[in-house]
There are 2 protein chains.
Amino acid sequence: MDKENMTDIESLLQAAFPFWERLSLPQRDALCKGTVRTHYNKGKSVHGSGDKCTGVVILISGELRVYMLSEDGREITLYRLYGGDVCMLSASCVLDSITFDVHIDAEEDCDSLVINPAVFSGICNECIYAENFALKTAVERFSDVMWAMQQVLFMSFDKRLAIFLYDEMIKNGSDTVHMTQEQIAKYIGSAREVVSRMLKYFASERIVEVSRGGVRITDKKRLAELARGK
Amino acid sequence: MDKENMTDIESLLQAAFPFWERLSLPQRDALCKGTVRTHYNKGKSVHGSGDKCTGVVILISGELRVYMLSEDGREITLYRLYGGDVCMLSASCVLDSITFDVHIDAEEDCDSLVINPAVFSGICNECIYAENFALKTAVERFSDVMWAMQQVLFMSFDKRLAIFLYDEMIKNGSDTVHMTQEQIAKYIGSAREVVSRMLKYFASERIVEVSRGGVRITDKKRLAELARGK
């Protein structure tokens with residue numbers, strides 16, 4: 001690899017890892033050498049099709065979808081990652097406490113860094129700050145998964161919000177619902193944080209666009225389907 | 001608190017926390033003083049009925065059940081904790097990365113230590129090894145939750161029920177599972193009617209006998225096969 005690329009990787013790693021300053025120069029060097037800049041085309045599987053431990057993925061740009069796959073091919077989306085996010089579950093071998101595996105696909109063209117799991121694991125063993133970062137990242141995803149699980153299992157709130165937005169759209173004859181998230185929460189008997197989180201999810205699914213002025217519906221068909229509980 | 005109790009608490013904390021040796025004497029002292037020995041009667045709610053952050057629970061003996069609760073009262077069991085386990089999710093305020101909350105009930109009479117969350121949080125801020133332990137414990141539970149999710153989402157119901165009955169049989173060393181159908185439904189995240197129908201089917205296959213007192217397993221071999229998905 002030429003020197004310019006190496007400097008590039010180093011500055012990207014430094015930006016992604018808050019523990020960078022805690023590493024010795026040889027450790028930084030090992031991390032850089034164990035890192036490969038990788039492009040994934042939209043639709044490509046990044047992790048989970050037989051490859052045991054892909055490595056730590058630092059997403060520079062694009063979108064990754066993390067999901068569970070049943071034996072009969074059913075999928076449940078757990079969460080999505082965007083530029084700047086670090087993916088630890090593609091390197092479950094690094095953390096002993098992770099005993100499950102997930103599937104990860106590129107939802108958009110992705111530019112990323114992939115760090116060799118053995119190299120990253122070595123750094124985690126030597127530097128507790130690195131291990132702490134890895135664990136913290138995993139626990140954040142735990143929160144995302146719990147939220148997804150709540151949606152899938154209890155399947156009520158997304159439907160309720162979709163019905164509300166759809167009804168408002170029809171009632172006002174406008175694509176945009178001019179209400180604050182606080183107001184929407186009040187109308188459907190929920191909390192602002194819950195509405196906010198669900199709108200964020202709707203936005204990630206490109207069903208709505210959220211702005212200061214309110215909520216603009218961008219995919220009426222999908223919203224109607226959600227409202228009917230599909 | 002008398003001195004004997006204090007020594008008792010100290011040795012229990014030392015046994016539970018691998019980072020104990022990393023703490024200074026004042027830190028150990030603060031932890032001990034922030035810890036209360038607590039007994040929960042069977043059936044009591046330990047966490048989740050309004051109380052925001054109960055604290056870190058070290059279970060000495062007994063059994064805790066950790067579950068999610070939907071707005072309409074459905075429960076999904078996520079995992080169970082036994083003597084020697086440390087419960088971090090009852091102290092979600094300690095870890096910023098945990099943004100969800102769960103319910104925790106005592107399934108048996110429980111003897112435990114409860115550590116004040118502010119005290120534990122302070123220790124985590126001062127000692128990275130403590131924070132590391134807290135995160136690792138949370139990530140282990142993440143693995144449990146993923147497993148539970150897989151069970152609930154993907155597994156056919158007969159298999160789920162068979163696994164539950166088989167596990168209970170082994171755990172209690174008894175052919176009879178002394179539970180109502182309502183309770184079984186609650187444990188495996190289903191409805192009583194569904195459990196009732198499947199038990200009727202199991203009975204028709206002479207795998208179990210259903211009575212008021214519970215479910216007696218009459219064909220262990222067949223139940224084990226079902227649990228393995230055959």
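The numbers here are math on the coordinates, done by the rules we state, and not lab data. Keep in mind it's a predicted model, so treat the numbers as computed, not measured. All Cβ positions, glycine included, derive from the backbone under ideal geometry; neighbour counts span all protein chains shown.
For B:Lys52, which aspartates and glutamates qualify as cross-link partners when the Cα separation must be under 12 Å and same-chain residues fewer than eight apart are set aside? Counting by Cα, and skipping residues close in sequence, B:Lys52 has these aspartates and glutamates nearby: B:Asp101. Other protein chain C-beta atoms within 10 Å of residue C-beta, averaged over B:123-132: 2. For the residue pairs A:Lys159/B:Lys159; A:Lys159/A:Lys186; A:Lys200/A:Lys220; A:Lys186/B:Lys186; A:Lys44/A:Lys200; B:Lys171/B:Lys221, the alpha carbons lie more than 20 Å apart in A:Lys159/B:Lys159; A:Lys186/B:Lys186; A:Lys44/A:Lys200. Straight-line reach from A:Lys42: taking Cα to Cα under 12 Å and skipping same-chain neighbours fewer than 8 places apart, the aspartates and glutamates in range are A:Glu63, A:Asp105, A:Glu107, A:Glu108, A:Asp109, A:Asp111.
Kindly identify region A:155-227 as rounded, prolate or oblate by the Cα gyration tensor criterion: order the square roots of the eigenvalues as a ≥ b ≥ c, call it rounded if a/c is under 1.5, otherwise compare a/b with b/c, prolate if a/b is larger, else oblate.
Rounded, because the longest to shortest axis ratio a/c is under 1.5.
For B:Lys33, list the lysines whose Cα falls under 19 Å from its own Cα; do not include residues on the same chain fewer than 8 positions away. Excluding near neighbours in sequence, the set is B:Lys3. Take A:Asp29, move 7 Å from Cα toward the beta carbon, and the resulting point lies 4.6 nm from the same point in each other copy, nearest first. At a Cβ-Cβ separation cutoff of 4.7 angstrom, cysteine residues of the protein assembly as shown with no neighbouring cysteine are A:Cys32, A:Cys87, A:Cys110, A:Cys124, A:Cys127, B:Cys32, B:Cys87, B:Cys110, B:Cys124, B:Cys127.
When the alpha carbon coordinates of chain B are projected onto the principal axes, the ranges are 65, 35, 30 Å, largest first.
Helices in chain B that qualify as membrane-span-like (whole DSSP H runs, Cα extent of at least 27 Å along the helix axis, mean Kyte-Doolittle hydropathy of 0.0 or higher) are B:128-154.
Between A:Lys220 and B:Asp109, the distance separating the two model label sites (each 7 Å from Cα on the Cα→Cβ line) works out to 6.5 nm. Among the GluC sites (Glu not before Pro) within region B:177-227, those in coil by DSSP and having at most 15 neighbouring Cβ atoms inside 10 Å are B:Glu205. The modelled label-to-label distance for the pair B:Asp158/B:Ala15, using points 7 Å beyond Cα in the direction of Cβ, is 4.5 nm.
FRET efficiency for A:Lys186 and B:Cys93, Cβ-Cβ distance as r, R0 = 41 Å, nearest 0.05? According to the calculation, E is roughly 0.95. Extending 7 Å from Cα along the Cβ direction at B:Glu209 and again at A:Ala203 yields two label points whose distance is 6.2 nm.
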